[in-house]
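**Student:** The structure that follows is given in the form of C-alpha coordinates.
The values are calculated or read from the model by the stated rules, or taken from the named source; none is laboratory data. These figures come from a predicted structure and were not determined experimentally. Using ideal geometry, Cβ is built from the backbone for each residue, glycine included, and neighbour counts are taken over all protein chains shown.
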Amino acid sequence: MLKIAVYGKGGIGKSTTTSNLAAAFAKLGKKVIQIGCDPKADSTMNLLKGKPVSPVMHYYRDHDKEPERLDEIAKEGYGGVLCIETGGPTPGLGCAGRGIITTFTLLEDLELYETFKPDVVLYDVLGDVVCGGFAAPIREGYAEKVLIVTSGEKMALYAAGNICSAVKNFEDRGYARVRGLILNRRNVDNEYEKVKAFADERGLEIVADIPRCQDINDFEDRGMTVIEGNPDLPISRIYLDLAEKLLKEDGQEV
(Lines give C-alpha, C1' and ligand atoms only; values in the text may rest on other atoms or scores of the structure.)
Protein backbone atom coordinates (compact mmCIF):
# COMPACT_ATOMS: atom_id res chain seq x y z
CA MET A 1 0.00 0.00 0.00
CA LEU A 2 1.28 3.44 -0.99
CA LYS A 3 0.60 5.95 1.81
CA ILE A 4 1.29 9.62 1.09
CA ALA A 5 0.71 12.78 3.11
CA VAL A 6 0.47 15.98 1.08
CA TYR A 7 1.45 19.08 3.04
CA GLY A 8 1.84 22.76 2.21
CA LYS A 9 0.88 26.29 3.12
CA GLY A 10 -2.83 27.08 3.24
CA GLY A 11 -4.08 28.18 -0.16
CA ILE A 12 -1.08 26.80 -2.04
CA GLY A 13 -3.16 24.23 -3.95
CA LYS A 14 -2.83 21.11 -1.78
CA SER A 15 -6.39 19.98 -2.25
CA THR A 16 -6.33 20.57 -6.00
CA THR A 17 -3.06 18.66 -6.22
CA THR A 18 -4.19 15.82 -3.96
CA SER A 19 -7.53 15.30 -5.66
CA ASN A 20 -5.97 15.32 -9.12
CA LEU A 21 -3.35 12.87 -7.94
CA ALA A 22 -6.07 10.67 -6.42
CA ALA A 23 -7.96 10.79 -9.71
CA ALA A 24 -4.77 9.91 -11.59
CA PHE A 25 -4.20 6.85 -9.40
CA ALA A 26 -7.82 5.82 -9.97
CA LYS A 27 -7.45 6.36 -13.72
CA LEU A 28 -4.52 3.94 -13.57
CA GLY A 29 -6.80 1.31 -12.06
CA LYS A 30 -5.89 1.66 -8.38
CA LYS A 31 -8.20 1.62 -5.36
CA VAL A 32 -7.73 4.96 -3.65
CA ILE A 33 -8.72 6.63 -0.37
CA GLN A 34 -8.38 10.38 0.07
CA ILE A 35 -8.66 11.79 3.58
CA GLY A 36 -8.98 15.54 3.92
CA CYS A 37 -7.30 16.65 7.16
CA ASP A 38 -8.37 20.28 7.18
CA PRO A 39 -11.20 21.95 9.13
CA LYS A 40 -12.53 23.47 5.87
CA ALA A 41 -13.42 19.93 4.73
CA ASP A 42 -13.15 20.78 1.03
CA SER A 43 -10.34 18.44 0.00
CA THR A 44 -12.46 15.91 -1.88
CA MET A 45 -15.12 18.14 -3.49
CA ASN A 46 -13.63 17.91 -6.97
CA LEU A 47 -13.93 14.13 -6.80
CA LEU A 48 -17.60 14.45 -5.84
CA LYS A 49 -18.98 16.82 -8.50
CA GLY A 50 -18.61 19.69 -6.06
CA LYS A 51 -20.86 18.10 -3.42
CA PRO A 52 -19.02 17.79 -0.09
CA VAL A 53 -19.03 14.68 2.05
CA SER A 54 -20.23 15.23 5.62
CA PRO A 55 -17.12 15.57 7.83
CA VAL A 56 -16.48 13.14 10.66
CA MET A 57 -16.49 15.86 13.33
CA HIS A 58 -19.85 17.14 12.07
CA TYR A 59 -21.27 13.65 12.54
CA TYR A 60 -20.14 13.62 16.16
CA ARG A 61 -21.72 17.04 16.77
CA ASP A 62 -25.00 16.23 14.99
CA HIS A 63 -25.51 12.76 16.43
CA ASP A 64 -23.64 12.91 19.74
CA LYS A 65 -22.31 9.42 19.12
CA GLU A 66 -19.65 7.58 17.15
CA PRO A 67 -20.45 6.50 13.56
CA GLU A 68 -21.05 2.77 13.32
CA ARG A 69 -20.70 2.33 9.55
CA LEU A 70 -18.21 3.63 7.03
CA ASP A 71 -20.95 4.88 4.69
CA GLU A 72 -22.05 7.35 7.37
CA ILE A 73 -18.83 9.34 6.95
CA ALA A 74 -17.55 8.43 3.47
CA LYS A 75 -18.60 8.72 -0.17
CA GLU A 76 -17.22 7.18 -3.32
CA GLY A 77 -16.23 9.74 -5.93
CA TYR A 78 -14.64 9.70 -9.37
CA GLY A 79 -13.00 6.40 -10.22
CA GLY A 80 -14.25 4.86 -6.99
CA VAL A 81 -12.01 7.06 -4.83
CA LEU A 82 -13.28 6.79 -1.24
CA CYS A 83 -13.59 10.33 0.11
CA ILE A 84 -13.41 11.19 3.82
CA GLU A 85 -13.13 14.57 5.56
CA THR A 86 -12.09 15.03 9.18
CA GLY A 87 -13.62 18.48 9.53
CA GLY A 88 -13.05 20.38 12.74
CA PRO A 89 -14.68 21.83 15.84
CA THR A 90 -17.22 24.63 15.91
CA PRO A 91 -15.29 27.76 14.87
CA GLY A 92 -13.70 29.36 17.91
CA LEU A 93 -14.10 26.23 20.03
CA GLY A 94 -11.79 23.28 20.45
CA CYS A 95 -8.70 22.12 18.58
CA ALA A 96 -8.80 21.41 14.85
CA GLY A 97 -5.88 19.00 15.13
CA ARG A 98 -7.88 16.95 17.60
CA GLY A 99 -10.37 16.25 14.82
CA ILE A 100 -7.66 14.48 12.85
CA ILE A 101 -6.69 12.30 15.79
CA THR A 102 -10.34 11.47 16.49
CA THR A 103 -10.94 10.58 12.85
CA PHE A 104 -7.88 8.35 12.60
CA THR A 105 -8.92 6.47 15.75
CA LEU A 106 -12.42 6.02 14.34
CA LEU A 107 -11.13 4.72 11.00
CA GLU A 108 -9.07 2.13 12.85
CA ASP A 109 -12.14 1.08 14.83
CA LEU A 110 -14.14 0.76 11.57
CA GLU A 111 -11.27 -1.25 10.04
CA LEU A 112 -11.20 1.03 7.01
CA TYR A 113 -8.01 -0.27 5.46
CA GLU A 114 -8.81 -3.93 6.08
CA THR A 115 -12.28 -3.51 4.58
CA PHE A 116 -11.55 -1.28 1.58
CA LYS A 117 -8.09 -2.75 0.85
CA PRO A 118 -6.71 0.34 -0.91
CA ASP A 119 -3.68 0.44 -3.16
CA VAL A 120 -3.13 4.11 -2.33
CA VAL A 121 -4.04 6.33 0.62
CA LEU A 122 -3.65 10.10 0.36
CA TYR A 123 -3.82 12.48 3.33
CA ASP A 124 -4.38 16.15 2.47
CA VAL A 125 -3.00 18.05 5.48
CA LEU A 126 -2.94 21.72 6.41
CA GLY A 127 0.75 22.60 6.75
CA ASP A 128 0.96 26.12 8.11
CA VAL A 129 1.37 24.74 11.64
CA VAL A 130 2.77 21.21 11.90
CA CYS A 131 1.85 20.38 15.48
CA GLY A 132 -0.42 18.07 17.40
CA GLY A 133 -3.03 16.41 15.23
CA PHE A 134 -1.73 18.01 12.03
CA ALA A 135 1.50 16.04 12.52
CA ALA A 136 -0.37 12.78 13.12
CA PRO A 137 -0.10 11.48 9.52
CA ILE A 138 3.71 11.66 9.71
CA ARG A 139 4.12 11.05 13.43
CA GLU A 140 1.89 8.04 13.93
CA GLY A 141 3.05 6.10 10.90
CA TYR A 142 -0.09 6.49 8.82
CA ALA A 143 1.89 7.89 5.89
CA GLU A 144 5.24 6.67 4.61
CA LYS A 145 6.01 9.50 2.19
CA VAL A 146 5.45 13.23 2.34
CA LEU A 147 4.94 15.44 -0.69
CA ILE A 148 5.21 19.17 -0.07
CA VAL A 149 3.31 21.51 -2.37
CA THR A 150 4.98 24.89 -2.74
CA SER A 151 5.41 27.81 -5.08
CA GLY A 152 8.35 30.17 -5.33
CA GLU A 153 6.65 32.63 -2.97
CA LYS A 154 8.48 33.44 0.24
CA MET A 155 5.76 32.29 2.67
CA ALA A 156 5.11 29.08 0.76
CA LEU A 157 8.79 28.18 0.97
CA TYR A 158 8.86 29.20 4.63
CA ALA A 159 6.00 26.79 5.36
CA ALA A 160 7.75 24.09 3.32
CA GLY A 161 10.84 24.57 5.47
CA ASN A 162 8.80 24.13 8.65
CA ILE A 163 7.28 20.94 7.26
CA CYS A 164 10.72 19.57 6.39
CA SER A 165 11.91 20.31 9.93
CA ALA A 166 8.86 18.61 11.45
CA VAL A 167 9.39 15.47 9.37
CA LYS A 168 13.10 15.42 10.19
CA ASN A 169 12.28 15.47 13.91
CA PHE A 170 10.69 12.03 13.51
CA GLU A 171 13.10 10.45 11.03
CA ASP A 172 14.86 8.31 13.67
CA ARG A 173 11.55 6.64 14.55
CA GLY A 174 10.91 5.13 11.14
CA TYR A 175 8.06 7.49 10.34
CA ALA A 176 7.33 9.26 7.06
CA ARG A 177 10.07 10.92 5.04
CA VAL A 178 9.86 13.77 2.56
CA ARG A 179 9.78 12.29 -0.93
CA GLY A 180 9.97 15.58 -2.74
CA LEU A 181 8.43 18.88 -3.69
CA ILE A 182 5.57 19.62 -6.05
CA LEU A 183 6.08 23.02 -7.60
CA ASN A 184 2.65 24.60 -8.06
CA ARG A 185 3.59 27.70 -10.01
CA ARG A 186 2.36 31.19 -9.20
CA ASN A 187 4.48 32.80 -11.92
CA VAL A 188 6.74 34.73 -9.56
CA ASP A 189 10.13 35.88 -10.82
CA ASN A 190 12.76 33.12 -11.06
CA GLU A 191 10.28 30.70 -9.53
CA TYR A 192 11.87 27.44 -10.59
CA GLU A 193 15.33 28.64 -9.55
CA LYS A 194 14.08 29.63 -6.08
CA VAL A 195 12.37 26.29 -5.49
CA LYS A 196 15.30 24.34 -6.94
CA ALA A 197 17.71 26.14 -4.59
CA PHE A 198 15.41 25.30 -1.65
CA ALA A 199 15.26 21.66 -2.75
CA ASP A 200 19.00 21.34 -3.33
CA GLU A 201 19.78 22.79 0.09
CA ARG A 202 17.74 19.99 1.67
CA GLY A 203 18.68 17.20 -0.70
CA LEU A 204 15.18 17.00 -2.16
CA GLU A 205 13.76 16.46 -5.65
CA ILE A 206 11.12 18.47 -7.46
CA VAL A 207 8.93 15.52 -8.39
CA ALA A 208 6.39 17.52 -10.41
CA ASP A 209 6.16 20.98 -11.94
CA ILE A 210 2.56 22.17 -12.23
CA PRO A 211 2.13 25.22 -14.48
CA ARG A 212 -0.57 27.85 -14.10
CA CYS A 213 -3.40 26.37 -16.13
CA GLN A 214 -6.89 27.67 -16.76
CA ASP A 215 -8.11 24.13 -17.43
CA ILE A 216 -7.70 23.35 -13.72
CA ASN A 217 -9.95 26.28 -12.77
CA ASP A 218 -12.48 25.54 -15.50
CA PHE A 219 -12.99 21.95 -14.40
CA GLU A 220 -13.00 22.90 -10.71
CA ASP A 221 -15.90 25.22 -11.48
CA ARG A 222 -17.70 22.09 -12.66
CA GLY A 223 -16.71 20.10 -9.56
CA MET A 224 -14.14 17.97 -11.37
CA THR A 225 -10.45 17.27 -11.58
CA VAL A 226 -8.71 17.70 -14.92
CA ILE A 227 -8.21 13.92 -14.95
CA GLU A 228 -11.96 13.42 -15.02
CA GLY A 229 -12.57 16.40 -17.27
CA ASN A 230 -10.03 15.49 -19.95
CA PRO A 231 -7.26 12.98 -19.18
CA ASP A 232 -5.58 13.75 -22.51
CA LEU A 233 -4.69 17.33 -21.62
CA PRO A 234 -0.99 18.12 -21.03
CA ILE A 235 -1.81 19.18 -17.43
CA SER A 236 -3.51 15.83 -16.82
CA ARG A 237 -0.43 14.05 -18.13
CA ILE A 238 1.69 15.72 -15.45
CA TYR A 239 -0.48 14.26 -12.67
CA LEU A 240 -0.59 10.86 -14.36
CA ASP A 241 3.19 10.81 -14.80
CA LEU A 242 3.67 11.58 -11.09
CA ALA A 243 1.19 8.86 -10.12
CA GLU A 244 2.98 6.33 -12.32
CA LYS A 245 6.34 7.31 -10.84
CA LEU A 246 5.14 6.89 -7.26
CA LEU A 247 3.48 3.55 -8.00
CA LYS A 248 6.62 2.17 -9.61
CA GLU A 249 8.67 3.25 -6.61
CA ASP A 250 6.21 1.39 -4.41
CA GLY A 251 6.60 -1.75 -6.53
CA GLN A 252 3.05 -1.62 -7.88
CA GLU A 253 2.22 -2.44 -11.49
CA VAL A 254 1.09 0.43 -13.70
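**Student:** Residues being of a type outside the set (Ser, Thr, Tyr), assigned to a loop (DSSP other than H, G, I, E, B) and under 15 Å from Leu28 (Cβ atoms): count how many of those fall in the range 187-245.
**Tutor:** 2
**Student:** Same structure again: Any chance you could count how many residues in the range 68-90 are surrounded by fewer than 19 Cβ atoms within 10 Å (Cβ to Cβ) and assigned to a helix (DSSP H, G or I)?
**Tutor:** 4
**Student:** Taking Lys49, is it out of contact with any His (no Cβ under 7 Å at 6 or more places or on another chain), surrounded by fewer than 22 Cβ atoms within 10 Å (Cβ to Cβ), over 16 Å from Ile238 (Cβ atoms) and charged (D, E, K, R)?
**Tutor:** It is true that Lys49 is out of contact with any His (no Cβ under 7 Å at 6 or more places or on another chain), surrounded by fewer than 22 Cβ atoms within 10 Å (Cβ to Cβ), over 16 Å from Ile238 (Cβ atoms) and charged (D, E, K, R).
**Student:** Now for a different question. Residue by residue through the range 56-67, note down the ones that are in contact (Cβ under 8 Å) with a residue 40 or more places away in the chain and not in a helix (DSSP H, G or I).
**Tutor:** Glu66, Pro67, listed by residue number.
**Student:** Quick one: is Asp38 surrounded by 15 or more Cβ atoms within 10 Å (Cβ to Cβ), closer than 24 Å to Gly8 by Cβ, at pLDDT below 85 and touching a strand residue (DSSP E or B) at 6+ places or on another chain (Cβ under 8 Å)?
**Tutor:** Taking the combined requirement at face value, the residue satisfies it.
**Student:** Right, here's the next one. Select, from Arg179, Arg222, Arg173, the only residue that is among the basic types (Lys, Arg), under 22 Å from Ala135 (Cα atoms) and touching a residue at least 40 places away in the same chain (Cβ under 8 Å).
**Tutor:** After applying the criteria, what remains is Arg179.
**Student:** Another question about this same structure. When both residues are 6+ apart or on different chains and their Cβ atoms are under 7 Å apart, which pairs have a first residue that lies in the range 3-26 and is farther than 26 Å from Lys154 by Cβ, and a second that is of a type in the set (Asp, Glu)?
**Tutor:** Lys3/Glu144; Ala23/Glu228
**Student:** What residue, among those in the range 149-182 that are of a type in the set (D, E, K, R) and under 16 Å from the mean Cα position of the chain (by Cα), is nearest to Pro211 (Cα to Cα)?
**Tutor:** Among those residues, the one meeting the criterion is Arg179.
**Student:** Would you check if Tyr175 is assigned to a loop (DSSP other than H, G, I, E, B), at pLDDT below 95, touching a Gly at 6+ places or on another chain (Cβ under 9 Å) and of a type outside the set (Gly, Ala, Ser)?
**Tutor:** yes
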